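Right, one structure below, let's go through it.
Each value in this text was obtained by applying a stated rule to the coordinates, not by laboratory testing. Since we're looking at a predicted model, the values are computed, not measured. Cβ placement follows ideal geometry from the backbone for every residue including glycine, while neighbour counts extend to all protein chains displayed.
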Amino acid sequence: MGISAQELDDFRVEVSAWFSENKPADPGFLLPQSFMEVGTDEQFDFLRAWQRKVYEAGYLGMAWPAEYGGGGKDQAFQDIATAEMVRQNVPFMTNTIGLSWAGPLILNMGTEAQKEAYIKRILSAEDIWCQGFSEPDNGSDLGNAQLRAIRDGDEFVLNGSKIWTSLGAYADFIILLARTDTQTNTKYEGLSYFLAPMKVEGVDPSPIKKLTGEHGFTQTFFNDARISETCLIGEEGGGWQVAMKTLTFERAVSGGQAGGVHSMQVSAREVVDLARHAMRDGRPAIEDPLVRDQLVAFLMEERGMDLNNKRAKIPGLISERPASISMARKLTNSEWRRRLNQFAVTLQGANASRYVGDEAVVDRGRWQRGYFNAFSGTIGGGTSQIQKNIVGERVLGLPKQD
């Protein structure tokens, strides 16, 4: 028997009430805007405790199997809970890589032992996960990964480094792509994929200070670090296929994520409010017809993305190109967010030059910091240029250029 509309309505009322009652108060310090900006212990501890509270209330991982710590419910319940988190703009889930990439991958391809060991602790934020794909000399060229993993009996010895490791300073585990064989016909062969521990001898995450002044990333060095062969997911040498599966979760092409908010929400309506208070030539900026035109354009784009997300779930509306919306989502959302933050900064006139920590800065400097941080969204998970190629070649069927 299917779920009734009344059941979903009752649940919507329940979850709305819970988040209204339990949404944490302002902690007294500026929260990061996404898991990529968590750079202080107080930020991390606050967000980790919040994720655990949401999970223990039953509103995270609701569609994951109950035998591994999930809720065992229909996905519709998690969709409602996540939508309510967005609506009430609660803090995000700091264990994003675990909830949205590593967890779904383990449930899809992991062994029974891996599912039992990792899934519940991902949901509860007991284990924090990071990603080891990019390397200093091979940014977006994932197939050219050079970090070595040499087998030594029932262990692998890791040497090399990964870069732009979000949450690397706090993570317990890393989803890691490494080269286990150099004698192959193509660069895509000889790669293996590991669910590797971070807190072992020979693993050294070194924080990277960003343009924003935050330390959300690390360069992670591996110096004769030893991990068990049980860390392998998929076949030895079959890591490229596992990595491609991971990217379908990262880019939301495949479903199965645990749910929850993964970044602080920003909306065009907030910029409309900013325009009502920002002054230009002694008058509110919103009175400028050019400003109003731009605001309307942002509102239309935002509404279009929201409707597209709903449309993507209706097979009859996407029958010609079923994956088109999901493949384009990362590109459209990240570029829209970057442009919106930039516009919000320009509205501030001379105040645009102020930054976080300045007593006179507008909105604690969230728009300036948001603009700088927005570039990470246009790079991580595949740059906008690569995303355009994916849409052009795989959705529109355009030919590759030599």
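Cross-link pairs exceeding 29 Å between alpha carbons, from the set Lys53/Lys115; Lys120/Lys209; Lys23/Lys73; Lys209/Lys313; Lys313/Lys388: Lys120/Lys209; Lys209/Lys313.
Potential lengthening of the chain between Gln265 and Val157 amounts to 34.8 nm, from the contour at 0.36 nm per residue minus the alpha-carbon distance.
Could you order peptides 152-163, 21-32, 60-71 by the average number of other Cβ atoms within 10 Å of their residues, highest first?
On the way: 152-163: 17.1, 21-32: 12.6, 60-71: 20.6.
My ranking of the peptides, most packed first, is 60-71, 152-163, 21-32.
Can you tell me, using C-alpha contacts under 8 Å and at least 6 residues apart, the relative contact order of the chain as a whole percent? Walk me through the numbers before you get to the answer.
Values: 665 pairs, mean separation 58.0, N = 402.
Reported as a whole number, the value is 14 percent.
Suppose R0 equals 35 Å; then what is the FRET efficiency for Met305 and Ser20 from their Cβ-Cβ distance, rounded to the nearest 0.05?
Working: r = 26 Å, r/R0 = 0.74.
Approximately 0.85, to the nearest 0.05.
Remark: segment 280-369 carries a charge dipole of roughly 460 debye about the Cα centre, counting +1 on each Lys and Arg Cβ and -1 on each Asp and Glu Cβ.
Relative to the longest principal axis of the Cα atoms of the chain, helix 41-57 runs at roughly 90 degrees. Peptide packing for 33-39, 389-395, 127-133, 304-310 was compared via the average number of neighbouring C-beta atoms within 10 Å per residue; ordered from the highest value, the list is 127-133, 33-39, 389-395, 304-310. In this Cβ point-charge picture (+1 for Lys and Arg, -1 for Asp and Glu), the chain has a dipole of about 1140 debye about its Cα centre.
Along its principal axes, segment 268-395 has C-alpha extents of 52, 28, 20 angstrom, given from the largest down.
Distance from the Cα centroid of segment 102-138 to that of segment 335-402 is 28 Å (rounded to whole angstrom). Annotation for Gln88 and Tyr188: the two label points, set 7 Å from Cα along the Cα-Cβ direction, are 4.5 nm apart. Shape analysis of segment 130-245 yields a ratio of the Cα radius of gyration to the Kirkwood radius, Rg/Rh, of 0.96.
For Lys199, the aspartates and glutamates whose Cα comes closer than 13 Å to its Cα, not counting residues fewer than 8 places off in the same chain, are Asp127, Asp172.
Computed over segment 28-162, the range of Cα coordinates on each principal axis works out to 47, 38, 25 Å, biggest value leading.
Shape index of the chain: Rg/Rh, with Rg the Cα radius of gyration and Rh the Kirkwood radius from the inverse mean 1/r over Cα pairs, equals 0.97.
For every other residue with a beta carbon closer than 11 angstrom to the beta carbon of Gly39, add +1 if it is Lys or Arg and -1 if Asp or Glu, then tell me the sum.
On the way: positive: Lys209, Lys210; negative: Glu37, Asp41, Glu42, Glu214.
Result for the neighbourhood of Gly39: -2.
Extension gain, Thr383-Gln6: 0.36 nm per intervening residue step, less the Cα-Cα distance, totals 131.4 nm.
Taking 0.36 nm per residue of sequence separation and removing the Cα-Cα distance, the Phe29/Glu126 pair yields an extension gain of 32.6 nm. Per residue of the chain, the DSSP helices (runs of n ≥ 4 H) give a summed -39500 (n - 2.57) that works out to -12500 deg cm²/dmol at 222 nm.
Using only the alpha-carbon atoms, how far is helix 75-88 inclined from the longest principal axis of the chain? Give it as 0 to 90 degrees, nearest 10. Helix 75-88 and the main axis of the chain meet at about 40 degrees. To the nearest ten degrees, helix 112-123 and the longest principal axis of the Cα atoms of the chain are 20 degrees apart. Magnitude of the charge dipole for segment 130-245, about its Cα centre and with charges confined to Cβ atoms of Lys, Arg (+1) and Asp, Glu (-1), is about 400 debye.
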